[in-house]
Amino acid sequence: MPPYTLTYFAVRGRCGALKIMLADNGQHLKENLVTFDDWMKGDLKAGCVFGQLPKFQDGDLVLFQSNTMLRHLGRKHGAYGKNDSEASLIDMMNDGVEDLRLKYIKLIYQEYETGKEAFIKDLPNHLKPFEAVLAKNKSGFLVGDQISFADYNLFDLLLNLKVLSPTSLDSLPALKSFVDKTAARPKVKALLECDDFKKLPINGNGKQ
């Protein structure tokens, strides 16, 4: 039996980073894909703590909330820093990624037609804090000298933003290098080139 099971819709959505992290760590993931029609029946939703997917199972442990899943896997697979200080800095950076992801999600689902141009124009300002941290750290990672769950989360979001705006990283050399190096990690590269991953839409409404 695979150690991990994910129940989610057939989109990358909130689970791209989790899939990239598991792949990079050589972990197998069993996926239970949910259709919108099945979800609207309500039975599955009723069993979700916050009424939302994804749902993640590690043996008898059942988790909801995508960032909780990343932190859990970070602890299990050595991607949560080398000490408490690094762990706290990783939490801080991941919270920053979440803030930007929420802005992206709002654009995609609420303001795509009216707000896309302004969002893309302002995107370098939203990315500058990550650029500064990476440029200062010089290891190629957000915190310390090894990859963390916050790196996987940032990488996944940056892939989405590059689809939205292909030139978004052109003025941000540290971030551009970060994306290139992470994408070149052999197991990450294999996942990104896998048909099953490539065919997944980024978002549930078809906009990207």
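The values are calculated or read from the model by the stated rules, or taken from the named source; none is laboratory data. Just so we're clear, the structure is a prediction, and the values are computed from it rather than from any experiment. Ideal geometry is used to build each Cβ from the backbone, glycine not excepted, and the neighbour counts take in all protein chains shown. These area figures cover heavy atoms from the full protein model, side chains too; ligands, DNA and RNA do not enter into them. Shrake-Rupley method; radii C 1.70, N 1.55, O 1.52, S 1.80 Å.
Quick rundown of the values:
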{"read-out": "Count - residues of the range 164-177 that are open to solvent by 20 Å² or more (accessible area, probe 1.4 Å), out of contact with any Pro (no Cβ under 9 Å at 6 or more places or on another chain) and among the hydroxyl-bearing types (Ser, Thr, Tyr)", "value": "2"}
{"read-out": "Every residue from the range 135-163 that is in a helix (DSSP H, G or I) and either among the acidic types (Asp, Glu) or open to solvent by less than 10 Å² (accessible area, probe 1.4 Å) (or both)", "value": "PHE149, ALA150, ASP151, TYR152, ASN153, LEU154, PHE155, ASP156, LEU157, LEU158, ASN160, LEU161"}
{"read-out": "Number of the condition not met by GLY16 [criteria: (1) touching a helix residue (DSSP H, G or I) at 6+ places or on another chain (Cβ under 9 Å); (2) among the small types (Gly, Ala, Ser); (3) open to solvent by 60 Å² or more (accessible area, probe 1.4 Å)]", "value": "(3)"}
{"read-out": "TYR104 open to solvent by 50 Å² or more (accessible area, probe 1.4 Å), outside the structural domain of ALA17 (by the TED database) and not basic (Lys, Arg)", "value": "no"}
{"read-out": "Failed item, numbered, when SER66 is tested on (1) open to solvent by 30 Å² or more (accessible area, probe 1.4 Å); (2) under 21 Å from TYR152 (Cα atoms); (3) without any contact (Cβ under 8 Å) to a residue 60 or more places away in the chain", "value": "(1)"}
{"read-out": "Condition check for VAL188: closer than 22 Å to ARG14 by Cβ, β-branched (Val, Ile, Thr) and surrounded by 14 or more Cβ atoms within 10 Å (Cβ to Cβ)", "value": "yes"}
{"read-out": "Selection status of LEU89, assigned to a helix (DSSP H, G or I), open to solvent by 50 Å² or more (accessible area, probe 1.4 Å) and either in contact with a His (Cβ under 9 Å, 6 or more places away or on another chain) or at pLDDT below 95 (or both)", "value": "no"}
{"read-out": "When residues of the range 35-54 are limited to those that are more than 15 Å from the chain's Cα centre (by Cα) and open to solvent by less than 50 Å² (accessible area, probe 1.4 Å), the one modelled with the lowest pLDDT", "value": "GLY42"}
{"read-out": "Criterion violated by LEU44 - all others in (1) part of a loop (DSSP other than H, G, I, E, B); (2) in contact (Cβ under 8 Å) with a residue 12 or more places away in the chain satisfied", "value": "(1)"}
